[in-house]
1. Using a probe of 1.4 angstrom, how much of the accessible area of the chain is carbon and sulfur, in percent?
2. For the pairs LYS146/LYS202; LYS54/LYS194; LYS54/LYS154; LYS154/LYS194; LYS146/LYS194; LYS175/LYS202, note any where the Cα-Cα span goes beyond 28 Å.
3. Using helices alone, what [θ] at 222 nm do you get for the chain, with -39,500 (n - 2.57) per DSSP H run of 4 or more residues, divided over all residues and rounded to the nearest 500?
4. Give me the dipole magnitude in Debye, nearest 20, for the chain about the Cα centre, with unit charges on the beta carbon: positive for Lys and Arg, negative for Asp and Glu.
5. Taking the Cα atoms only, what angle lies between the long axis of helix 45-54 and the longest principal axis of the chain, rounded to 10 degrees?
6. Eigenvalues of the Cα gyration tensor times 5, then square-rooted: what semi-axes does that give for region 6-130, in whole angstrom, largest first?
7. When only C-alpha pairs under 8 Å and at least 6 residues apart count, what is the relative contact order of the chain, in percent?
8. Rounded to the nearest 10 degrees, what's the angle between the helix 70-105 long axis and the longest principal axis of the chain, both from Cα atoms, 0 to 90?
Amino acid sequence: MQYHLDTIPVWEAMEQNTACPLCALYRRVEAAEIERSLGGSVMEPDARIRVNEKGICARHHAQLFAMQNRLGHALLADSHTKELLKKLEGLEKKAASCEKRGLFGGGDSLEWVVRELDALCRSCVVCDDIQVHMERYFYTFVHLWKSDAAFREKWQASQGVCLPHAAELLARAQKHLVGSARREFAASLLSLVKANLTQDEKDLEWFTLKFDYRNQQKPWGNSRDALERTVNRLRGLCVGGGDGQG
Ligand SMILES: [Zn+2]
Ligand SMILES: [Zn+2]
């Protein structure tokens, strides 16, 4: 596989000093992909075939719906549904014949029908397209850490990343770094994540203690947004300001 570097967006995300630069990049790419999904390009045959085949996940349907382009969204959903109905018809036939075989041969013949039906509502063309961009950013991130002293310095002074993105970065370190560089990257990543999560948890505990009337007059400190911060660090940006959900 050929890897491409894309240093400018990764540097820009680092400069934002957010809790996770990769969550920031994800949100940026996601917004662009949603916009593009409703643009003219999606009517091109290649794009259309992919949408028809894969469909769109619940999260991205919700975002498309929020774009208030009912016609564009309906066209996407309609051609995918037509395709899906054909597959459903096939499944129906197979399930019926399975049952006959099941009567004579026993066995849990519906299991694979469950699997196929499940697969029909799991794939997402938007998620796939985002993943292509994210793959490039993960690779670039590890590359910058390895080759750019300024980036490494910025990283050391940063808030690290969320846990899901820490796992993604570690997987890329395993793939693209060797020996001491790999160990050093893993150590710096895990210590940054731990240090920041430790701080989040302290603030979160104080947030809960502030509900005790005896602490009412004491200062909030940094605990006002501790719930959002902790949740976003544990599972990736999903609540509070900047979560893109309104
Ligand atoms: Zn993240
Ligand atoms: Zn999706």
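The values are calculated or read from the model by the stated rules, or taken from the named source; none is laboratory data. Computed from a predicted structure; not experimentally measured. Glycine gets a Cβ as well: all are built from the backbone with ideal geometry, and neighbour counts include every protein chain shown. We work out accessible area using only protein heavy atoms, side chains counted, and drop any ligands, DNA or RNA first. Shrake-Rupley method; radii C 1.70, N 1.55, O 1.52, S 1.80 Å.
1. Numbers: 8650 of 14890 Å².
Answer for the chain: carbon and sulfur cover 58 percent of the accessible area.
2. Values: LYS146/LYS202 32 Å; LYS54/LYS194 38 Å; LYS54/LYS154 39 Å; LYS154/LYS194 17 Å; LYS146/LYS194 21 Å; LYS175/LYS202 34 Å.
With Cα atoms farther than 28 Å apart: LYS146/LYS202; LYS54/LYS194; LYS54/LYS154; LYS175/LYS202.
3. On the way: 11 runs with 177 residues, N = 246.
Mean residue ellipticity, 222 nm, calculated: -24000 deg cm²/dmol.
4. Working: 34 positive and 33 negative charges, 76 e Å.
Value, rounded to 20: 360 debye.
5. 90
6. Working: eigenvalues 287, 75, 23 Å².
Equivalent-ellipsoid dimensions as semi-axes: 38, 19, 11 Å.
7. On the way: 219 pairs, mean separation 61.1, N = 246.
The normalised contact order for the chain reaches 25 percent.
8. So the inclination is approximately 60 degrees.
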